[in-house]
Amino acid sequence: MTTSAAVLPAYNEATHATGVIEQIEATGLVDHVIVVDDCSTDDTAARVAETGAILLSNDSTRNYGGAIKRGYNHALELGVDYIYRLDADGQHDPGELPRFWKELRQPDCQYVLGDRFGDRSVNQSMPLDRLIGNRVVALATSLRVGNRVNDPPCGYRAMDANYLARIPYEQFSNDFQISVEEILAFDELDAGFEEVPVSCIYENEASTLTYYDGVKFLLPNLRW
Ligand SMILES: Nc1nc2c(ncn2[C@@H]2O[C@H](COP(=O)(O)OP(=O)(O)OP(=O)(O)O)[C@@H](O)[C@H]2O)c(=O)[nH]1
Ligand SMILES: [Mg+2]
């Protein structure tokens, strides 16, 4: 029997986090939901503590990447076989987790990346600057790995935990670039890579992503 964990970085997600956790649990695909709260100033920690999720509260800000790395540490300590990663702001639909599992359970697949551009409607809902930025990062990452990678910044993904354990992910950056660094590291291990279309819900959630973060997504592709 294989086991799995979902890692959710959270900063001020009191409005959305509990709903996302319940939807993940409802899929029956995930044994442990790990929420890494980064000194949120709202009720995120108290709300998550009321759920069945594992709450890891950072005593000092570690940022998006730092939070994800702490979640990975805990998931590997739990000895799971598979790790899902999705955001806690309700932009990723946990109902699409089976799409990731369908790929990940194939023997030749060790990494599955969500692709927001697989779903045409996203192109209308994603802000234009974000759309252009994502296409530039996709081009740079595709050239770097020599295969088409449609949506490297997408925070919705799944992986084989035994492969992650072979990667020095602690050296990854503490901010949004981790999403590209991770793809390059799995590529270096010749991991079987798949992409699945995912929707991306744009409502009123506040974004912490800046233009500078957008540019930084390119940096890992420039490091040899
Ligand atoms: N722990 C932690 N989580 C963070 C931090 N910054 C963002 N997050 C979480 O990471 C997820 C993605 O952050 P967003 O700000 O939504 O970034 P994004 O989804 O790429 O940008 P948008 O598409 O504009 O929302 C959300 O669940 C945030 O709560 C942080 O510094 N620490
Ligand atoms: Mg978001």
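The values are calculated or read from the model by the stated rules, or taken from the named source; none is laboratory data. Every value quoted in this text rests on a predicted model; they were computed, and no experiment measured them. Every residue, glycine as well, gets a Cβ built from its backbone with ideal geometry; the counts of neighbours run over all protein chains shown. Only protein heavy atoms, including side chains, enter the accessible area calculation; ligands, DNA and RNA are left aside. Shrake-Rupley method; radii C 1.70, N 1.55, O 1.52, S 1.80 Å.
Mind checking which residues of segment 88-112 are surrounded by fewer than 20 Cβ atoms within 10 Å (Cβ to Cβ) and among the small types (G, A, S)?
G90, G95
Which residue out of L29, L8 is under 16 Å from the mean Cα position of the chain (by Cα) and touching a residue at least 24 places away in the same chain (Cβ under 8 Å)?
Details: L29 fails: under 16 Å from the mean Cα position of the chain (by Cα).
Just one listed residue meets the conditions, L8.
Identify the single condition in (1) in a loop (DSSP other than H, G, I, E, B); (2) in contact with a strand residue (DSSP E or B) (Cβ under 7 Å, 6 or more places away or on another chain) that A5 does not satisfy, given that it satisfies every other one.
(1)
Condition check: open to solvent by less than 10 Å² (accessible area, probe 1.4 Å) and under 25 Å from Q171 (Cβ atoms). Does V20 satisfy that?
Working: open to solvent by less than 10 Å² (accessible area, probe 1.4 Å): yes; under 25 Å from Q171 (Cβ atoms): no.
Considered against the rule, which asks whether it is open to solvent by less than 10 Å² (accessible area, probe 1.4 Å) and under 25 Å from Q171 (Cβ atoms), V20 comes out as no.
Considering only segment 25-53, state which residues are more than 23 Å from Y163 (Cα to Cα) and among the aliphatic types (A, V, I, L, M).
Residues satisfying the conditions are A26, A45, A46, V48, A49, A53.
State all residues of segment 1-38 that are near ligand 1 (Cβ under 8 Å from one of its atoms) and on the phi > 0 side of the Ramachandran plot; if no residue qualifies, say none.
Matches in segment 1-38: N12 only.
Could you figure out which of (1) in contact with a helix residue (DSSP H, G or I) (Cβ under 7 Å, 6 or more places away or on another chain); (2) open to solvent by 60 Å² or more (accessible area, probe 1.4 Å) isn't true of V35?
In the conditions (1) in contact with a helix residue (DSSP H, G or I) (Cβ under 7 Å, 6 or more places away or on another chain); (2) open to solvent by 60 Å² or more (accessible area, probe 1.4 Å), V35 misses (2) alone.
Scanning segment 38-68 for residues that are away from ligand 2 (no atom under 16 Å from the Cβ) and buried (at least 22 other Cβ atoms within 10 Å of the Cβ), which turns out farthest from the chain's Cα centre (by Cα)? Give the derivation first.
Taking segment 38-68 and keeping what is away from ligand 2 (no atom under 16 Å from the Cβ), we get 39, 41, 43, 45-62, 66.
Narrowing the set further to residues that are buried (at least 22 other Cβ atoms within 10 Å of the Cβ) leaves 47-48, 53.
Numbers: R47: 21, V48: 18, A53: 17 Å.
Of everything passing the filter in segment 38-68, R47 is farthest from the chain's Cα centre (by Cα).
Being more than 22 Å from I201 (Cβ to Cβ) and among the hydroxyl-bearing types (S, T, Y) is the filter here; which residues of segment 16-60 pass it?
The answer is T41, S57, S60.
Which of the following residues is open to solvent by less than 10 Å² (accessible area, probe 1.4 Å), among the β-branched types (V, I, T) and outside any strand (DSSP E or B): I183, I167? Before you say what the answer is, go through the steps one by one.
On the way: I167 fails: open to solvent by less than 10 Å² (accessible area, probe 1.4 Å).
Checking each option against the conditions leaves just I183.
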